[in-house]
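Got a structure for you, questions after.
Throughout, read-outs are computed from the coordinates displayed, never taken from laboratory work. These numbers come from a predicted model, not from an experiment. Cβ: placed from backbone, ideal geometry, glycine included. Neighbour counts: every protein chain shown.
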Amino acid sequence: MIVHSFLHQDSKTFSHLLVADPDGGKQVCAVIDPVLDFNANSGSTGTQSIDQIIAMIGAKNLQLEFIMETHAHADHLSGASYLKQSLGGKIVIGKQITQVQKIFKQIYNLDTSFRTDASQFDVLLEDGDTLTLGNITINAMAVPGHTPADLAYLATDNHKQVAFVGDTLFAPDVGTARCDFPGGDAATLFDSIQKLLSLPEDTTLYLCHDYPPNDRPACPTSSVSEQKQHNIHVKQGVTKQQFVEMREARDRTLDMPQLIIPSVQVNIAAGNLPNPEENGIRYLKLPLNAFGKNS
């Protein structure tokens, strides 16, 4: 297998293109966590970033099989719908996205046309479910805590094994995901992280974000060994109680992500923007005093 990583600079998000080795036919691929550009000042969307991924898929003559979301992101709009419209493929997410949909349908007071059965997505996975991508087996690993629906994807072929971990773990010098969004839980996140850290130590972990301190270059990968030795929040020796106390205290100091309000509305709908109204314009809701504190 080959993995190409693309950094969306504005949101510090990594999207990953997973390519299977040839297996008697056309090479197939999957995209993990695609990003739609969004200008919060103007309310305008764009596709420049995701078009780079589409261009590589075209240049390599790949067939897109899966568009895989690790969770419903709160810091960027998903490009899954645009990618599917452009190249086909099935949009994949954890089955527990229904919990997230129900929570945020209430917060946004969405009308009855918004379905909370996850039917906006094509493939719903639970812990232990598998997908086949050419000669790659992809195993779904439930890693809730950041949100109830977080999945990691463990990809294995005849040569190696890698994991796409979403927001559950960041680079060792950055730490771990926050747990103060609706449905999040620090104790649950600790247990999920231990599942990831029980993988073989040389397993490459593909991260969804990097927020580099000290001006180091952004890096899309880590390893189980590096996390166990150096993660500032959850390295070996940190107890569950210590982690929960640290995580909850830290989360109380954090502002909400800049794009949480538009992002969640779009992402619980598989990256589909709201339908245009009578004037041809699409609108997103702005719930007042529903998230965080007044800073």
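Confirm whether Gly58 is part of a helix (DSSP H, G or I) and surrounded by fewer than 16 Cβ atoms within 10 Å (Cβ to Cβ).
yes
I'm trying to understand the selection: among the residues of the stretch 236-284, which are surrounded by 15 or more Cβ atoms within 10 Å (Cβ to Cβ) and either touching a Lys or Arg at 6+ places or on another chain (Cβ under 7 Å) or aromatic (Phe, Trp, Tyr) (or both)?
Residues satisfying the conditions are Phe243, Asp251, Gln265, Leu273, Pro274.
Look through the stretch 118-143, keep the residues that are touching a residue at least 60 places away in the same chain (Cβ under 8 Å) and among the polar types (S, T, N, Q), and return whichever of them is farthest from Ala30 (Cα to Cα).
Only one residue tops the list, namely Gln120.
Where residues in the stretch 146-167 are within 22 Å of Ala72 (Cβ to Cβ) and more than 13 Å from the chain's Cα centre (by Cα), which of them is surrounded by the fewest Cβ atoms within 10 Å (Cβ to Cβ)?
Restricting to residues being within 22 Å of Ala72 (Cβ to Cβ) and more than 13 Å from the chain's Cα centre (by Cα), the top hit is Leu154.
Being assigned to a loop (DSSP other than H, G, I, E, B) and either polar (S, T, N, Q) or surrounded by fewer than 22 Cβ atoms within 10 Å (Cβ to Cβ) (or both) is the filter here, so list the residues in the stretch 188-209 that pass it.
If the condition is that a residue be assigned to a loop (DSSP other than H, G, I, E, B) and either polar (S, T, N, Q) or surrounded by fewer than 22 Cβ atoms within 10 Å (Cβ to Cβ) (or both), then Ser198, Leu199, Pro200, Glu201, Asp202, Thr203 are the ones that fit.
Of all residues in the stretch 176-187, which are of a type outside the set (Asp, Glu), surrounded by 18 or more Cβ atoms within 10 Å (Cβ to Cβ), out of contact with any Asp or Glu (no Cβ under 7 Å at 6 or more places or on another chain) and without any contact (Cβ under 8 Å) to a residue 60 or more places away in the chain?
Answer for the stretch 176-187, where residues must be of a type outside the set (Asp, Glu), surrounded by 18 or more Cβ atoms within 10 Å (Cβ to Cβ), out of contact with any Asp or Glu (no Cβ under 7 Å at 6 or more places or on another chain) and without any contact (Cβ under 8 Å) to a residue 60 or more places away in the chain: just Gly184.
Scan the stretch 80-87 and tell me whether some residue there is over 24 Å from Asn39 (Cα atoms) and outside any helix (DSSP H, G or I).
So far as the stretch 80-87 goes, no, none of its residues is over 24 Å from Asn39 (Cα atoms) and outside any helix (DSSP H, G or I).
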